[in-house]
Amino acid sequence: MLVSPAVTSLRALSLRWRAWLTVVTLALLTIVMVCGLVAIGRSAPAPAGASAGGLSQTLTQAQFCQSAGLDATPSDVRCSWKTVELAKLWKAPSDEGMADAWYRLQFRLDAVPQRTLAMYIVAFNRTGRFFVNGQPLREIGPMQQPLPLNWNRSQFAVIPATMLRAGDNEIEIQQRAYAWDLGWLAPIRLGTEEELRPVWQRRVFWQNDLVRLLGACTGAIGVFMLGVWLGRRRDTMYFWFGCASLLWTVFSLDYYALTPPVSPWLWERFIEVSPVLRGVLMFMFVLRYCGMRRPVIETVSWLYFLVGAVASFGNFMANEVIDLWYLVVLVASAYFFFIQVRVGLRRSLLEGVMLAIAGMVQMILSGYDLWLYSANTWTDRVYLAHFSAPLYLFVVGTILIRRFTESHNAYEKLAGVLEQRVSAKAAELERNYEQLVEARRNEALALERTRIMSEMHDGIGSQLTMALSLVRRMDREADPAYDGEDGKVATVLRESIEDLQLIIDSLEPVENDLLTVLGTLRYRLQDRLGKGGIELQWNVVDLPPLPMLTPHSVLSILRIVQEAFANCLKHSGATRIAVTTGLKGEPGVDETAHIAIVDNGQGIQPRRGAGRGMENMRRRAAALGGRLLVTSHAGRTEVLLEFPTLRSR
């Protein structure tokens, strides 16, 4: 099918527009997501006009002390209190076991609220208990090991009105953390439940629920990629990308899981080395994606990770060294990002631009998180790299899945072409085999026909010819006035010889050619027609090969035509016989061939009627699937034989 240049141009324009539409959509979604995270991640300030005695308050100062032991109730606390600004970060003096810290926060109410008072804390690490006016309110998590992972989870509690009083109120918070970990408490917001619950739910969605969903998706991508790699071991880029995706899925547990899958200390070390390990895995993937092998770079990358991991698990690295460890990986990522985008642009504009956007977002947000992490202080900002990493994984995963799908489709197309070729060759071989079998069968039949014809000619035919010669000689000897006309016995013998010749002619291969059949009969009858003074008008036309001309049908046609000539010679007194042939109808539908024998004799006499010969002619015509039509009047008799050709379209 021909495609006009205009249609081709429109298709190319459509592809370009779709490519840019995809890129713009991806960029807008990224911008919206980042802006939403930044906006929602910030704790909203207390409503304008809120007074110290109103329901909506933000508590930014507290009395703080670190307890020497693990206290059970506020009355057991024995320590020196000091005023601190929230958020407060603290660490135990030793690195063994667990440690407690206590906070006392004062707030004033003009009157006891008719309904509950809500308390919203943006950040709290790790676990603890809340007391209001000396009464226990709620427990954030278990106070024994393993402590829950609450570092990235905001807290929400509802204070019943019965626990509050008009005037001064006090909130006491017991906070427990591992001695080797940091504890912190963010500013506390008070307000109505209708005001603060939606704020808390939005924060939980963005910080915990969405990460859980993204982690499940990246895990599915990782499993799929490893499955592809198991089927295509040579394409190791699927292996490295699958490992990176699964590593991110496990790493994302730290953002929403309450209990780590291993011991807390081991989990913290794993989380600490995971960013570098993920970077090395992505380095390996990018090199394979670009069709490159850099043994030196690959070896150095793995050694860099292993040395840092050993130092991390051995507590040999200070926080500043860990920051530098991460920074080197981030800087090296720029090089791999560059070569990946370059290769992507060579393959397609859409692929290159998608990689560029996803890679830039990943690097910018990773740099932002590294800055936030290295500040070593609390801020009401959320980490964002764990949102850009799934974005990058989704983009690359989509590209790989598309490439796998295209490869699979090409394989299926090739398999279909090969299957068609094999089927065609098999059909051709089958046809050749059938033709070979048919040729061998025809050869065997030809040999058998030759043998039968030879036996008939040399045996019965020879004896009949000798008998005819003997009878004619006896007739000449018996009648000196013999004029050469055969007597009754000689006529029977001559007709028997002609009939035998007719049978032999029907066995000759005619290649489905009706003219050959009729031409042979014409040759046999030419002498008798000449002696009878009959002119033969041969008005036959070339006909296509007729599949129905088997030896049996040829014999039937020859006998019908021979009988028509015999009747003409014996009874019509004609001086001219015309033979015509033709076709009519549509091949494969209703096509028929016809043979017409017309003489100018006296016609069929009513008193004679149709004899046994005519009945035999009709019976043979019916055996051919055709019919015999005879029309006769003085001066003209026509015998018309019609039969189907059995030709296909």
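Determine which member of the set Trp240, Trp229 is surrounded by fewer than 20 Cβ atoms within 10 Å (Cβ to Cβ), touching a helix residue (DSSP H, G or I) at 6+ places or on another chain (Cβ under 6 Å) and either in a helix (DSSP H, G or I) or in contact (Cβ under 8 Å) with a residue 12 or more places away in the chain (or both). Break it down into steps so the answer makes sense when it comes.
Details: Trp240 fails: surrounded by fewer than 20 Cβ atoms within 10 Å (Cβ to Cβ).
Step by step, each of Trp240, Trp229 is checked, and only Trp229 is surrounded by fewer than 20 Cβ atoms within 10 Å (Cβ to Cβ), touching a helix residue (DSSP H, G or I) at 6+ places or on another chain (Cβ under 6 Å) and either in a helix (DSSP H, G or I) or in contact (Cβ under 8 Å) with a residue 12 or more places away in the chain (or both).
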- prompt: Residue check: is Arg421 free of Cβ contacts under 8 Å to residues at least 24 places away in the same chain and farther than 30 Å from Gly231 by Cα?
  reply: no
statement: Flagged pairs (Cβ under 8 angstrom, 6 or more apart or on separate chains; first in segment 75-94, modelled with pLDDT of 85 or more; second exposed (fewer than 10 other Cβ atoms within 10 Å of the Cβ) and of a type in the set (Ser, Thr, Tyr)) are Leu89/Thr377
field: strands (runs of 3 or more DSSP E) wholly inside segment 134-221 that include at least 2 residues being closer than 24 Å to Phe64 by Cβ and open to solvent by less than 50 Å² (accessible area, probe 1.4 Å)
entry: 155-159, 167-178, 182-185, 188-191
- prompt: With (1) surrounded by fewer than 20 Cβ atoms within 10 Å (Cβ to Cβ); (2) at pLDDT below 80; (3) aliphatic (A, V, I, L, M) as the list, and Leu546 as the residue in question, which single condition is left unmet?
  reply: (1)
- prompt: Just a yes or no: is a residue in segment 633-646 among the polar types (S, T, N, Q), open to solvent by less than 20 Å² (accessible area, probe 1.4 Å) and assigned to a loop (DSSP other than H, G, I, E, B)?
  reply: yes
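With the condition kept exactly as written, say whether any residue in segment 518-537 is within 60 Å of the chain's Cα centre (by Cα), touching a residue at least 24 places away in the same chain (Cβ under 8 Å) and open to solvent by 40 Å² or more (accessible area, probe 1.4 Å). Please lay out each step first, then the result.
Initially, segment 518-537 is screened for residues within 60 Å of the chain's Cα centre (by Cα), giving none.
Looking for residues that are within 60 Å of the chain's Cα centre (by Cα), touching a residue at least 24 places away in the same chain (Cβ under 8 Å) and open to solvent by 40 Å² or more (accessible area, probe 1.4 Å), one finds none in segment 518-537, hence no.
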query: Here are some conditions: (1) surrounded by fewer than 20 Cβ atoms within 10 Å (Cβ to Cβ); (2) modelled with pLDDT under 85; (3) under 24 Å from Trp206 (Cβ atoms). Ala389 meets all but one. Which one does it not meet?
result: (1)
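The values are calculated or read from the model by the stated rules, or taken from the named source; none is laboratory data. Note that the structure is predicted; figures quoted are calculated from it, not measured. Quick reminder, even Gly has a Cβ in these numbers, built from the backbone with ideal geometry, and neighbours come from all protein chains shown. All accessible areas refer to the heavy atoms of the entire protein, side chains included, with ligands and DNA or RNA removed. Shrake-Rupley method; radii C 1.70, N 1.55, O 1.52, S 1.80 Å.
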